[in-house]
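Here the structure comes first, spelled out in structure tokens, and everything after it is commentary.
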Amino acid sequence: MLPIGTELESPQTGERLIIRSTARSSGGKLFQAELIAQPGSYVVRSHLHPSQEERFVVLEGEYGYRVGARSGVAHTGETVVCPVGVAHSQWNAGSGVMRIYYEHRPALESAELFFETYFGLSRDRKLLPSGDMRILQAAVLLTQVSDFVRITSPPLWVQDVVFPALARIGRMRGLRARYPAYAASVPGSG
């Protein structure tokens, strides 16, 4: 899916993701990307990964996090681990650039699909000012990648009931989980 070295930009959130390891390159063991986040007010929405442990290795700056009921700020050289199925969110807690390694074990190709589409939507200015996707687009993408990521609000049971219907409406309106234009704009993929 995403070649090693691919750089994805999100002008709406001030993030850049550089792919370091993929499901294919690691034999399904490790998805790793370097995340570079500019200072600002953007906070990654609370979410969980149903089948993956996630690690954040701080390379530079101040990494703000909430993992379950625990929150804090990690600094250069520190690692924050989020167990499988635990809700978490993150943000740049400092006044400068934050760089982290963003790791998922095991690696899932649906993670790559999520990032390709989400960052493409941002480049096209199709995200809300909060950095969230509009509801129909979110339903289409999140139902496709539910093995990788689930948002924590609305409750999961509501998503299980409502999102499939919203996704059908979204697809009828031309929304997709994967857009050829976003894959074509990824260096080395086209």
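Just so you know, all these numbers are worked out from the coordinates, no wet-lab data involved. Because the structure is predicted, anything quoted here is derived from the model rather than measured. In this analysis, Cβ positions are derived from the backbone assuming ideal geometry, glycine residues included, and neighbour counts consider all displayed protein chains.
Points worth noting:
- Peptides 66-74, 1-9, 138-146 ranked from most to least packed give 138-146, 1-9, 66-74, packing being the mean of other C-beta atoms within 10 angstrom over each peptide's residues.
- Summed over qualifying helices (DSSP H, 4 residues or more, each -39500 (n - 2.57)) and divided by its residue number, the chain shows a 222 nm mean residue ellipticity of -7500 deg cm²/dmol.
- Assigned charges on the beta-carbon of Lys, Arg, Asp, Glu; region 7-184 dipole about Cα centre (debye): 560 debye
- Segment residue 55..residue 146, full-extension length gain: 30.8 nm, with 0.36 nm per residue of separation and the alpha-carbon distance subtracted.
- FRET efficiency for the residue 169 to residue 46 pair, using the beta carbon distance and R₀ = 25 Å, is estimated at 0.50.
- Label selected from (1) 120; (2) 206; (3) 107, the criterion being volume of the Cα convex hull per residue in Å³ as computed here: (3)
- Length-normalised contact order of the chain in % [C-alpha pairs under 8 Å, at least 6 apart]: 25 percent
- Mean Cβ neighbour count within 10 Å, used as a protection proxy, ranking 84-92, 104-112 highest first: 104-112, 84-92
- Cα long-axis angle, helix 156-172 against the chain (0 to 90 degrees, to the nearest 10): 60 degrees
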